[in-house]
Amino acid sequence: MNRPFFAALVAFSAVGFSTSIAAESYNNGAVRIISGDLPLDRAVQMALRQNPDILKQLQEIERTKGQVIEVRAQALPRVALTGDFAQQDSRLLERGSNTVTPPVILLAPTGGGTLDFSSIEKQIAANTKTVPNTLPGDKTWRVDLEVKQVIYAGGQVRAALKIAKFTEDSSYYQLRDTIDLVISTTRTQFYDVLLTRALIKVQEESVQLLGDQLKDQQNRFEAGTVPRFNVLRAEVALANQQPELIRARNNYLIAQLRLAKTLNLDPGPQGKPTFNCVGEFSVVERPLGLQNAILTALERRAFLKIQRQQILISKEQIKVELAGYKPRVDANAGYEWRNSRFSDQLDDTVDGWFYGITGSWNIFDGLETYGRVKQARAILESSKINYDDAVHQVELEVQQSYSNLRAAREVIRSQQKNVEQALEALRLANERFSAGAGTQLDVLDARTSLTQARTTEIQSRAAYNAELAVFDRVTATDTIYAEMFKDPLVEDRKPKVVRVQAEPVKKPAPTKKADAAAR
């Protein structure tokens, strides 16, 4: 599997971002403290560079690379140099003896005489000697240079190597899924910071209006035109609005802390973030319709690609377990150096080569292999079910996000003139009250309506932008990757670059996809 799509990720994180004017404090190469303005593009770039989830997934890729190397070693020859030295007590060396009898040649006597067997026995006894065995040395040493190679393992090694490579591919898909999630989270939290700060401004304006109302009522009371009740009512309204302002400020601080956690930033000198998020709640339409959005998500979501890889892994795992039914053949060869066993001199050496072939075959293993194959087949079927369920999950996520996006857009349209109308209503209520035709309650109600209208309008814009970040994640249209590797279940095997405006592909049935992976 080629990895140029990661280079595309780097390009994505470096191109198209405006230059930040924030002052940065570095620690071990990472930005730890930011002071000043922080735009959205800069926040996303920082998250891509130092978010803990992305960093951990990069290490997971390194782990899977090591796993591929480990499994590949099973198919390669192993060369080992071994040596040993031993010494034992001479009392443990047993001495024996051998009886040596020289051959006796019998010659028939001349002249027709007979053999004298008694004289022959005496001659044999006189020539028989007892010779002691040579005592072996009490020190031995040996050095072997040996090469071992698997000749046949029933397809286990090849299947294990494929599993390792599929796992490595899956780790790259997981990185893509993590990147999409981190970008979406960063955008959502960034908009949450903007929302909570805007709500502070709304509450501050409301408190200011209620404060002005209180001063007006106090002046009128001192002039004798209104009763004391009006002053008390204005004081109560102002006191009731103060907690809302306090909560808004606290929500703003919490939103900043959450964003700082995602960006892997340290607290400021006083334990509070020192950056200032800058941006606006722009309303940008997405050209994708619901059906095209679903098709795009099914084609591009890394979450589904991970499930596809799991099907292929389960398929190869069956081959690994089926190898238990087949024989295993290994070969070894090498060269050996050692001291002579018939000499007590360590430098008296002998050397030579050796080779051999070993084989084993479990004729009956108590149905252990059968049980493992049965488990592997069940895992494969479970992987197919998980993939089909994942397809439905992606479809549901797209449908929900699309519906929420439309609802947020409709709320924005409904609130476009509501703030203007609330301002006009407040102006009329103040004029009526000044003219004596209205009451203080009418003014307070108008102020409350204005605060609610402003809050609803800001929240609807923030909700739209936050949901837009979710929509881009569930459709996988927030990032661009160079697809230079083979997708296991996509027919087009040519290198291509996937873009946001990519042509939708025909959606096959989920069950057929899973079956295709098993084949």
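Since every read-out is calculated from the coordinates, none of them should be taken as a lab result. Owing to the predicted nature of the structure, the values given are computational and were not obtained by experimental measurement. Because the Cβ atoms are built from the backbone with ideal geometry, glycine has one as well, and the counts that use them run over all protein chains shown.
I need the peptides 71-77, 334-340, 461-467 ranked by packing, meaning the mean over residues of other C-beta atoms within 10 angstrom, with the highest value on top.
Going by the mean number of other Cβ atoms within 10 Å, highest first, we get 461-467, 334-340, 71-77.
What's the long-distance tail for the range 311-374, i.e. % of Cα pairs beyond 19 Å?
On the way: 1212 of 2016 pairs.
Of the Cα pairs, 60 percent sit more than 19 Å apart.
List, in the order given, every pair from Lys326/Lys374; Lys261/Lys384; Lys56/Lys165; Lys65/Lys305; Lys162/Lys374 whose Cα-Cα distance in the structure shown is over 27 Å. It would help to have the intermediate numbers written out before the result.
Details: Lys326/Lys374 16 Å; Lys261/Lys384 37 Å; Lys56/Lys165 19 Å; Lys65/Lys305 19 Å; Lys162/Lys374 20 Å.
Lys261/Lys384, as the Cα separations exceed 27 Å there.
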Label model pair Tyr355, Asp84: point-to-point distance (7 angstrom along the Cα→beta-carbon line) in nm is 2.5 nm
Note: probe point = Cα of Val419 + 7 Å toward Cβ; backbone nitrogen < 19 Å; residues of the range 178-208 passing the test are 191-208
Under a plain spin-label model, where a point goes 7 Å from the Cα along Cα-to-Cβ, how far apart in nm are Ala437 and Leu55? 6.7 nm
For a protection proxy built on the mean count of beta-carbon atoms within 10 angstrom, sort 268-280, 393-405 highest first, please. 393-405, 268-280
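Between Leu396 and Arg32, what length comes free when the chain is fully extended (0.36 nm per residue of separation minus the Cα-Cα distance, one decimal in nm)?
Details: separation 364, 0.36 × 364 = 131.04 nm, distance 3.80 nm.
Once the chain is fully extended between Leu396 and Arg32, it gains 127.2 nm.
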Hey, how many Å between the Cα centroid of the range 337-390 and the Cα centroid of the range 419-477? 75 Å
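Give, in nm to one decimal, the length gained when the segment between Glu204 and Val150 is fully stretched (0.36 nm per residue of separation minus the Cα-Cα distance). Could you put the intermediate results ahead of the total?
Numbers: separation 54, 0.36 × 54 = 19.44 nm, distance 7.73 nm.
Working it through step by step, the gained length comes to 11.7 nm.
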Length added when fully stretched, Leu181-Val283, from 0.36 nm per residue minus Cα-Cα: 34.6 nm
With labels modelled as points extended 7 Å from the Cα through the Cβ direction, what inter-label distance (nm, one decimal) is found for Ala331 paired with Ala378? 4.1 nm
Would you give the gap between the C-alpha center of the range 292-332 and the C-alpha center of the range 41-89, rounded to a whole Å? 21 Å
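R0 = 25 Å: FRET efficiency of Ala73 with Ile363, Cβ-based, nearest 0.05? Write out the running numbers ahead of the final one.
On the way: r = 29 Å, r/R0 = 1.16.
Efficiency for this residue pair is about 0.30.
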